[in-house]
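Below: one structure, written as structure tokens.
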């Protein structure tokens with residue numbers, strides 16, 4: 001069994017449809033990952049244990065999605081030495097997602113959290129791949145190929161548009 005390099009965590013199973021987008025990207029790039037629920041408010045001891053020990057288990061990047069008051073990414077970043085990518089999620093009790101965005105984006109100095117767009121778990125997965133590719137030339141090549149493919153797709157659309 002391959003040990004995961006990325007851990008995808010979310011505050012609730014209701015966040016799964018958004019956070020699965022990060023998992024799909026990691027699968028596409030063949031990056032081993034794990035995915036689970038870690039609620040900052042309902043399971044604070046689990047959060048502390050997870051964040052304190054993730055790097056000891058070989059995790060290199062944490063992707064944390066949360067809606068509402070969205071404390072999960074910031075608390076994980078406060079405890080863990082690993083890079084944390086926060087995914088603000090527009091949840092049923094959110095204020096159009098702004099509460100989540102600002103909770104994750106406005107971290108105090110010394111506790112960085114990389115923040116992607118509202119429901120932007122796909123970009124969180126891509127950012128995790130880019131972080132990992134700093135030390136993995138094969139992964140970097142895959143990322144370059146991915147970007148080339150995006151470019152080609154757009155150029156093909158432009159060509160069809162002009163026909």
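Derivation of every value follows stated rules applied to the coordinates shown; laboratory data play no part. Bear in mind that the values here come from a model prediction, so they are computed numbers and not experimental data. Glycine gets a Cβ as well: all are built from the backbone with ideal geometry, and neighbour counts include every protein chain shown.
Counting only helical runs of four or more DSSP H residues, what would the 222 nm mean residue ellipticity of the chain come to if each run contributes -39,500 (n - 2.57) and the total is spread over all its residues?
Details: 6 runs with 77 residues, N = 163.
Helix-only estimate at 222 nm: -15000 deg cm²/dmol.
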Subject >> the chain shape via C-alpha gyration tensor axes, a/c threshold 1.5 >> reply: oblate
**OP:** Determine, for each peptide in 106-112, 91-97, 123-129, 48-54, the mean count of other beta carbons within 10 angstrom over its residues, then list the peptides with the highest first.
**Re:** 123-129, 48-54, 91-97, 106-112
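Gain in length, residue 141 to residue 13, computed as 0.36 nm per residue apart minus the alpha-carbon separation, to one decimal in nm?
Length gained, residue 141 through residue 13: 42.7 nm.
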